[in-house]
1. Using label points projected 7 Å from each Cα along Cα→Cβ, tell me how many nm separate K202 and I278, to one decimal.
2. Classify the stretch 143-183 as rounded, prolate or oblate from the Cα gyration tensor: take a ≥ b ≥ c as the square roots of its eigenvalues, call it rounded if a/c is under 1.5, otherwise prolate when a/b beats b/c and oblate if not.
3. For the stretch 121-175, would you read off the P(r) tail past 16 Å as a percentage of all alpha carbon pairs?
4. Please work out the C-alpha center-to-center distance from the stretch 252-303 to the stretch 46-70 and express it in whole Å.
5. Give me the extension gain from T183 to S170: residue separation times 0.36 nm, minus the current Cα-Cα distance, reported in nm with one decimal.
6. For an R0 of 51 angstrom, estimate the FRET efficiency from the Cβ-Cβ distance between I249 and R45 and round to the nearest 0.05.
7. Taking 0.36 nm per residue of sequence separation and subtracting the Cα-Cα distance, how much length would be gained by fully extending the chain between A242 and L61, in nm to one decimal?
8. Among Q160, Q210, M236, which residue has its Cα furthest toward the positive end of the charge dipole of the stretch 141-298, with +1 on Lys/Arg Cβ and -1 on Asp/Glu Cβ?
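The values are calculated or read from the model by the stated rules, or taken from the named source; none is laboratory data. The shown structure was predicted, so the numbers you read here are calculated from the model rather than taken from an experiment. Backbone-built Cβ (ideal geometry, glycine too); neighbour counts: all protein chains shown. Surface areas here come from the heavy atoms of the whole protein model, side chains and all, with no ligands, DNA or RNA. Shrake-Rupley method; radii C 1.70, N 1.55, O 1.52, S 1.80 Å.
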Amino acid sequence: MKSRTEEIKGHERLADRLVQILIKLNAGDALDIATLAEEFKTSQRTILRDFDRFRATGLVLEKDKETKKIHLSVKSLGKLNIKDLKRFADVSGVADLYPSLNPSFLKELLDQQNAPVYSAKGNFFEDAVQFKSLFDSISKAIQEYKHIAFNYNHEPRVVQPYRLIHHHGSWYLAAVRKHQLRTYRLSRMTQNYDHHELLSFKPDPDVLAQLENENSIWFGQEKSEVVLSVHADVAMHFKQRALFPEQQIVKELKDGGLLISSQISHQNQIMPLIRYWIPHVKVVNPQQMQSEIEVGLKKYLGL
C-alpha cells in the first residue's frame, strides 16, 4: 500500500507532466512516446494514458504513420486558449486545485521562463489504455445519440449512452437502460460485436440534469444520512475540506474532535473511506454500519 507521501508525489508528477505535454502539443511539437517516458521518468503506458486523458477532453490528436509520433491536429494547432485550458481542468477534475483559473493566473502557471511556483498533489488512476476501443465507440455513440451494445459481466446490454465519468480513479459509463439511469464500470465491459439495430434516441432533459447535479455515480437512489465521530488527531483534515460525500460538520467536540454527517446513496460510497480512516473515524449512526465494520475487521484479523 502506498503511503500518503507517495500519493502526494505521484499527483505532483501527474499534474506537471500533463501541463508540460499540453504545452508541447500546442506549440506544434510531434511527440515520441519513448522520449516522453524517458523525459518524465515513467512508463510508455503511462504516457499513452496521458494522451487518452487529452482525447477525453476533446483534443484531436494524430499519429504520423512513419515516425509514430503524436501531434495536435492541424485544425487545433495553436488554437488552445484560456477557455480550452479551463475546460480541460474542469473535465479532468483538477479545476478546484487552484485558487483561480482566470487568464492572468493561467499564464503565470504555464510560464516556463520563470522558476516553478505551483505543483498539484493527490490521486492515482486506473490504466485507461485498456479502454481505448471502448472510449472510441462509446464517445461516438454519445455524440450521435445512438444506442450502444456491449457485454457487461459477460451478459449482453443495449443502452442509451449519456456520459463517460471518471470517479475515484475509475471510468464509468452513465447510460439509460429500461428507463433507468445506471452506471457501468468500463473494466467490466467488453465490446459486443453481435448485430443490433442500434437506433438513435432523443436525450432526456431530466437525465442530463441528473448527471449535472449528482456528484456520485449512484443515480436514482434515495440518500440517507451517516453520522460519524472524528478523532481530534485528524479533525483538521475534515475541517479543511469535505472528505466524505456531502460532508457537513455537525458539532465541534470539547476534546477537539468532530461530529460530521454524510449523505450517501449506497454504502459503498462511504465504507472504503471509513476503513481508510480507522481508527480515527467511527460510525455513530446507523449503528448497524459500525457493527458491520467491526465484524469485517474481526474476520480479517481471524485470517
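1. Using points 7 Å along Cα→Cβ, the separation is 5.2 nm.
2. oblate
3. Details: 684 of 1485 pairs.
Roughly 46 percent, once rounded to a whole number.
4. For the stretch 252-303 versus the stretch 46-70, the Cα centre distance is 42 Å.
5. Here the answer is 3.5 nm.
6. Taking R0 as 51 Å, the efficiency between I249 and R45 is 0.80.
7. 61.6 nm
8. M236
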